[in-house]
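Down below is the structure, laid out as structure tokens.
Every number here is computed from the coordinates shown, using simple stated rules; none is lab data. Please read these numbers as outputs of a predicted model, since none were measured by experiment. Cβ placement follows ideal geometry from the backbone for every residue including glycine, while neighbour counts extend to all protein chains displayed.
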Amino acid sequence: MTASVLTACIAVAHLLGLLAAMHAVMHARTPQGAIGWTLGLLLLPYVTLLPYLYLGSSRFLGYRAGHHAPAASTQAGAAGAAPPLDPGCERYAAISALQRRPFRGGHRLRLLIDGEAAFDAMLGAMAAAKHCLLVQFFIIHDDTLGRRLQRVLLERAAAGVRVYVLFDGIGSHALPQRYVDELRAGGVAIHRFATHRWRNRFQLNFRNHRKILVVDGARGFVGGLNVGDEYLGLKPPLAPWRDTQLELAGPAVADLQQLFAADWQWITGAPPPLLASPPTDGEASALVVASGPADPQETGSLFFAAAINAARQRVWLSTPYFVPDHAVRAALQLAVLRGVDVRVLIPARPDHRTVFLASTLHAYAAVRAGIRVFRYQPGFLHQKALLIDRDTAAIGSLNLDSRSFRLNFEVAALAVDHAFAAEVAAMLNADFARARAIDEREYREAPYLHRVAMHVARLFDPLL
């Protein structure tokens, strides 16, 4: 390559870096992100241009956030007086306004602890489907559990049930095309969630991290479990795998259907069938909380901040990735200052080394602020659970990190019900009994280079 060609290539790279830096200044969600990308793109465009192409965008373009208004057809048959709401729902009016839909009363809730109980319930519910199955997971593996799911889906499709399946194209990157083709040949409508439009085409950020199952419009499941043998605790070194799923029946199942329908329509251009969600004899009040990078606000972060700010007695959190942003960190610190019992449960074993290093540094800062942080000892903790006071709990797919706050599509169910909150409290008490409390020595006594690595990892908070 001649000197003139090399000079021209360098000039083009810097010009593209300047244009990308202007885009970063205009569109980055945080000042820190804008500064980091801008400096890199201006000073080292040959290094940062390609990562910015794949990771720089923080807004999912072209997607209509369809989780705010349930379709009218899902409410058919729900005539009559609405079931009463728990008075405690009033404390979460900001979350309801953020979602632009109300809490609904009259739900039956079932807590499903760990993979065996959760998949027995979910596969059993699917096997009993008569009309329609909506199935969505971030990860589906072609292993023993994945093939169990495949058999149930094929059996239901052969029985005349309409079966719709979504999986994330990056999360399920190892899923062989053979698995998908076998389902399609058996009458299952199955698609991978992908950016698929030119404005998002190169982005790795925007993942559909939701786990949703709806059976005949009547029973819904949300939580942290994907489809793979590791979620049954069958793959060391992370085994046993600690996770939680929630089954709900009642009017909020219609909102889960609508969420699935929005994602399905984005990929296929046509909605799946939406069935009426029949009433139940349950008493719990519930709100489906959905978030994603197409939202005009940072819904995930605002959800956690609002829930924590509503607490007066306790805030117990279980999360595999503890990388809170400023708003959530401030809400936790303010809760401590109000005299609230604030506890955070995180893993003792890493599945992603960089996130684990950043989480360790955040845990140190949290302990110094008076937040009690615990490391779960028996295996890997993947559970996403939130307990507020003695009446409120949330189970879903949201982690305490930037990806769940602003980059991934997520879902959770927020339930206000004393009996259900007591179940979640008992579950978390058992988890804390198997955990070790963190003190400041974990950080201070770590080797110097290990502490440096923690601080370096924290620089990547906006991408973790």
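Comparing Ala249, Ala174, Ile140 along the charge dipole axis of the chain, the residue lying farthest to the positive side is Ala174, per the Cβ-charge model. A Stokes-Einstein calculation at 37 °C with viscosity 0.692 mPa s, built on the Kirkwood radius of the chain over Cα pairs, returns a diffusion coefficient of 142 µm²/s.
In the chain, a dipole from Cβ-located charges (positive for Lys and Arg, negative for Asp and Glu) runs towards its positive end, and of Thr354, Ala437, Phe322 it is Thr354 whose Cα lies farthest in that direction. Name the shape class, rounded, prolate or oblate, that the alpha-carbon gyration tensor gives for the range 110-283, where a ≥ b ≥ c are the square roots of its eigenvalues, rounded holds for a/c under 1.5, and otherwise prolate holds if a/b is larger than b/c and oblate otherwise. Judged from the Cα gyration tensor, the range 110-283 comes out rounded (a/c under 1.5).
Counting only lysines at least 8 places from Lys384 when in the same chain, those with an alpha carbon closer than 17 Å to its own are Lys211. Each of His173, His141, His352 has some number of other Cβ atoms within 10 Å of its Cβ, and from fewest to most they run His173, His352, His141. Here's how it looks for Phe460: its modeled amide H is under 5 Å from none belonging to a residue 5 or more places away or on a different chain. Per-residue ellipticity at 222 nm, computed for the chain from helices alone with -39500 (n - 2.57) per DSSP H run of at least four residues, works out to -12500 deg cm²/dmol. The calculated FRET efficiency for Arg314 paired with Leu16, based on their beta-carbon distance and R0 = 51 Å, is about 0.50. On the beta carbon distance between Thr268 and Ala127, with R0 = 30 Å, the FRET formula returns roughly 0.75.
For the range 188-333, the average shadow cast by the Cα convex hull is 12.2 nm², which is a quarter of the hull's surface. Summarising the strand pairing of the chain, around 65 percent of its internal DSSP beta bridges are antiparallel. Sites listed here are chymotrypsin sites (Phe, Trp or Tyr not before Pro) in the range 415-464 whose DSSP assignment is loop and whose Cβ has at most 15 other Cβ atoms within 10 Å: Phe460.
When Lys235, Lys211 are arranged by Cβ crowding within 10 Å, least crowded first, meaning fewest neighbours, the order is Lys235, Lys211.
Maximal additional length on extending the Ala369-Asp143 stretch stands at 77.0 nm, based on 0.36 nm per residue less the C-alpha distance. Couplings 3J(HN,Hα) for the range 303-315, derived from phi with the Karplus relation 6.51 cos²θ - 1.76 cosθ + 1.60 (θ = phi - 60°), are 4, 5, 4, 5, 5, 5, 5, 7, 6, 10, 10, 8, 10 Hz, where x marks Gly and Pro. Take every pair of alpha-carbon atoms less than 8 Å apart whose residues are at least six positions apart; their mean separation over the length of the chain yields a relative contact order of 17 percent.
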